[in-house]
1. Would you check if residue 81 is among the polar types (S, T, N, Q), buried (at least 24 other Cβ atoms within 10 Å of the Cβ) and over 29 Å from residue 163 (Cα atoms)?
2. Checking the condition surrounded by fewer than 19 Cβ atoms within 10 Å (Cβ to Cβ) and of a type outside the set (Asp, Glu), which residue from 177, 169, 184 passes?
3. Among the residues of region 193-242, write down those that are buried (at least 18 other Cβ atoms within 10 Å of the Cβ) and among the hydroxyl-bearing types (Ser, Thr, Tyr).
4. From 281, 256, 231, which residue is in contact (Cβ under 8 Å) with a residue 60 or more places away in the chain and under 22 Å from residue 170 (Cβ atoms)?
5. Quickly run through region 118-140 and pick out the residues that are surrounded by 15 or more Cβ atoms within 10 Å (Cβ to Cβ) and either free of Cβ contacts under 8 Å to residues at least 60 places away in the same chain or assigned to a helix (DSSP H, G or I) (or both).
6. Would you kindly identify the helices (runs of 4 or more DSSP H) lying entirely within region 180-293 that contain at least 1 residues that are under 26 Å from residue 36 (Cα atoms)?
7. Go through (1) buried (at least 22 other Cβ atoms within 10 Å of the Cβ); (2) at pLDDT 95 or above one by one and return the number of the condition residue 265 breaks.
8. For region 1-102, which helices (runs of 4 or more DSSP H) that fit wholly inside it have 1 or more residues that are among the hydrophobic types (A, V, I, L, M, F, W, C), touching a Ser or Thr at 6+ places or on another chain (Cβ under 9 Å) and modelled with pLDDT of 95 or more?
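The values are calculated or read from the model by the stated rules, or taken from the named source; none is laboratory data. What you see is a predicted model, and the numbers here were worked out from it, not measured in a lab. Every residue, glycine as well, gets a Cβ built from its backbone with ideal geometry; the counts of neighbours run over all protein chains shown.
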Amino acid sequence: MATPAQWVQGARPRTLTTAVSPVLVGTGAAVGDGVVAPLPAALAFVVAVSLVIGVNFANDYSDGIRGTDDERVGPMRLVGSRTASPEAVRTAAFVCFAVAALAGITLVALSEQWWMLAVGAVCIAGAWFYTGGRRPYGYAGLGEAAVFVFFGPVAVLGTVLTQSGAPGAPAVVSAVAVGMLTCAVLVANNLRDIPTDAVAGKRTLAVLLGDTDTRRLYAALALAPFLLSAVGGLRSWPMLLALLALPLAVPPVRAVLRGAQGGALVAVLGRTGALLLAFSVLTAVGLVWGRYV
């Protein structure tokens, strides 16, 4: 039976930057629009964090029962390591999805954006079928596209919509940038797992592209958001604050382009998560500050 510490490790807390970051940016955009809404912001955080933990447990379960995680370089998986039963991990995933659904329904009711109930249902389905079901889309090279959509436009702009209404151009640009950086996190993860995924038949985008092109894709996804911030700065100069995070992009991009493998890519994954969070905090500040210039 898994210990509490192992359950926490299985939840992969380092990935929570991908949940927090889009809500930070969306809330910054809402405050920049003149709306301060603590309760909707808190509910959005609960939805995002619950979904990310849920998808981590769901992936642990689905990959574990397929044998994909039997040989693994990265963080421990509960099912793959035989630390917890598949049924227990699946239940944990469903509990997280239920928490996300409850918080999401409350958020929609407060905002009266009822059509977003359908968006929430799609998000939960996307979290499960990433590696779950008979034909998981994460095994068909579509994981990065889904991450971009769900963690970029959906999460950022959904946060804005439920707090202040229709988002402006700076929020849209920021949503695209956050989606790209979140994709970079996944690309770093899948780059590390190319050898084992290929053997297990998990055809991620990294497996389909191959090692060299995946490294180039990572670099593009990690650096392009700064170009978007520079473009956004032409409309609202505080958007340029995000460029202060650029030095954090240099070490992981350099490591990936120089051929980092295995454990070295675990470090790249952590640094990419830190880059995403720093970029998002600075972007959120820039969106708020933009109201006053």
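1. For residue 81, the condition - among the polar types (S, T, N, Q), buried (at least 24 other Cβ atoms within 10 Å of the Cβ) and over 29 Å from residue 163 (Cα atoms) - is not met.
2. Details: 177 fails: surrounded by fewer than 19 Cβ atoms within 10 Å (Cβ to Cβ); 184 fails: surrounded by fewer than 19 Cβ atoms within 10 Å (Cβ to Cβ).
Only one candidate passes the filter, namely 169.
3. 204, 214, 218, 229, 236
4. Details: 256 fails: under 22 Å from residue 170 (Cβ atoms); 231 fails: in contact (Cβ under 8 Å) with a residue 60 or more places away in the chain.
Selected residue: 281, the only one of 281, 256, 231 that is in contact (Cβ under 8 Å) with a residue 60 or more places away in the chain and under 22 Å from residue 170 (Cβ atoms).
5. First pass over region 118-140, keeping only residues surrounded by 15 or more Cβ atoms within 10 Å (Cβ to Cβ): 119-120, 123-124, 126-132, 136-139.
Passing the criteria: 119, 120, 123, 124, 126, 127, 128, 129, 137, 138, 139.
6. The qualifying helices (runs of 4 or more DSSP H) are 211-233, 263-289.
7. The failed condition is (2).
8. Values: elements: 4-10, 17-32, 38-66.
Passing ranges, in order: 17-32, 38-66.
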